[in-house]
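The values are calculated or read from the model by the stated rules, or taken from the named source; none is laboratory data. Not measured: the values here are computed from a predicted model. FYI the Cβ positions are ideal-geometry reconstructions off the backbone, even for glycines, and counts take in every protein chain you see.
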Amino acid sequence: MNMPQIFDGLRVLDCSQFISGPWTSIFFADQGAEVIKVEI
């Protein structure tokens, strides 16, 4: 049985370019969020 994750149903828009931003997106994704990466 899968337990619901903290950020299930959350959508995150990632426009980051430096190290701290992508790490934060990885954290959100690991906790169940849908991460949309925008590369500029």
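Answer yes or no as to whether SER25 is hydroxyl-bearing (Ser, Thr, Tyr) and surrounded by 10 or more Cβ atoms within 10 Å (Cβ to Cβ). Can you show your working first?
On the way: hydroxyl-bearing (Ser, Thr, Tyr): yes; surrounded by 10 or more Cβ atoms within 10 Å (Cβ to Cβ): yes.
Answer is yes for this residue.
Looking across the chain, the residues that are assigned to a helix (DSSP H, G or I) and of a type outside the set (S, T, N, Q) come down to GLY21, PRO22, TRP23, ILE26, PHE27, PHE28, ALA29, ASP30. What do you reckon, is PHE28 modelled with pLDDT of 95 or more and more than 8 Å from the chain's Cα centre (by Cα)? Judged against the criteria, PHE28 is not a match. Summed over the range 1-22, the residues that are surrounded by 14 or more Cβ atoms within 10 Å (Cβ to Cβ) and of a type in the set (D, E, K, R) give a count of 1.
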